[in-house]
1. Any chance you could count how many residues in segment A:109-150 are within 16 Å of DNA strand C (Cβ to nearest atom) and in contact (Cβ under 8 Å) with a residue 60 or more places away in the chain?
2. Inspect all residues belonging to segment A:128-150 and state whether any of them is buried (at least 19 other Cβ atoms within 10 Å of the Cβ), part of a helix (DSSP H, G or I) and over 19 Å from the mean Cα position of the chain (by Cα).
3. Which of the numbered conditions does A:Asp142 fail, given that it passes all the others? Conditions: (1) at pLDDT below 95; (2) within 15 Å of DNA strand B (Cβ to nearest atom); (3) within 29 Å of A:Leu220 (Cβ to Cβ).
4. Do you know which of the residues in segment A:50-77 that are touching a helix residue (DSSP H, G or I) at 6+ places or on another chain (Cβ under 9 Å) and among the charged types (D, E, K, R) is farthest from A:Thr9 (Cα to Cα)?
5. Take A:Glu99 and decide whether it is modelled with pLDDT under 90, acidic (Asp, Glu) and assigned to a loop (DSSP other than H, G, I, E, B).
6. Which strands (runs of 3 or more DSSP E) does segment A:5-80 wholly contain that include 3 or more residues that are within 26 Å of A:Asp226 (Cβ to Cβ), in contact with a strand residue (DSSP E or B) (Cβ under 9 Å, 6 or more places away or on another chain) and at pLDDT 95 or above?
7. Would you please name the residue that is surrounded by the most Cβ atoms within 10 Å (Cβ to Cβ), looking only at residues in segment A:169-222 that are touching a residue at least 60 places away in the same chain (Cβ under 8 Å), within 11 Å of DNA strand C (Cβ to nearest atom) and not in a helix (DSSP H, G or I)?
Amino acid sequence: MPELPEVETVRRGLAPALEGRRIARVLQRRPDLRYPLPERFAERLAGRRVERLDRRAKYILARLEGDEVLLVHLGMSGRFTIHAPDAAAPGAPGRFHHEVAAGAGGAPHDHVVFDMEDGTRIVYSDHRRFGFMDLIAGAALDANRHLKDLGPEPLGNEFSAAVLGDRLKGRRAPIKAALLDQRTVAGLGNIYVCEALHRAGVSPNRAASGVAGPLRAERLARAIRDVLTDAIAAGGSTLRDYAHTDGELGYFQHAFAVYDREGEPCSKPGCGGTVRRMVQSGRSTFYCPQCQR
DNA sequence: CGGGACTCCTGCCAGC
DNA sequence: TGCTGGCAGGAGTCCC
């Protein structure tokens, strides 16, 4: 379910296990995810210290010692699990067997395994393999093809009603499509676009340019910020330390107002409408035709 | 150029 | 029960 709030939750969950710690060894169990992994990927990561974990849009950026950055995108089904040394290898404290067998990191879709120097094992699995990883020089980060065209961080200072309005101006595509476009605002996906439009009372069918005026742009910008902030808060409060006991990160069910609620009554007080589902550019849109105009 | 259709991959679920 | 088609939270590429 990785949109911005889920990626942020994963980042926070991974941070204690990675920041300031050294990668002992990386096991790469296939040559590619969505794209080929970089040349000598595992070798280049072995022995490196992770200085900091950042997030940009839906990307996790692990800043490595030596000014390189490990870029991770979870795609649709990417997930990390953290395994403490004792839990994963009982009787062999702090160490794993050299071969990844049936235990942690050995499941069919466990594609990349990071063994930290302290014995913690971090496993990336991704059954649909829409996720990807790259290793980039820090200096080249802004020019990276995945990052260079991203719009503003919706929770950052650079995002405002004026900025949003400016980016919607003159665009004839439906607002739903414009918000899914990562160049407009970075980090929204299908769920939070639906939720934000519902909060803002804006029809997903409306042309983007029709939301560019100051009043609607303000309402929409606020809705975007609020819905993301609430979702991050829900992630943090639902998962102690952002991790389930089995170490899986970022997977929790939010209470959505419209997403996947076709046929249910609109939750807005006094609205009385019914949530509908339609398809826009091949993807489901959930909305209330009554209060979203 | 903006915008829409199509594409990658696997799993799951409703319906027959 | 078993098969089939549709659908899934992303985003790059191609074409008009």
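1. 14
2. No - not one qualifying residue is present in segment A:128-150.
3. (2)
4. A:Asp67
5. Taking the combined requirement at face value, the residue satisfies it.
6. Correct list: A:50-56, A:59-64.
7. Within segment A:169-222, the match that is surrounded by the most Cβ atoms within 10 Å (Cβ to Cβ) is A:Leu188.
The values are calculated or read from the model by the stated rules, or taken from the named source; none is laboratory data. Here the structure is a predicted model, which means the values were calculated and not measured. Reconstructed Cβ throughout: ideal geometry from the backbone, glycine too, with neighbour counts over all protein chains shown.
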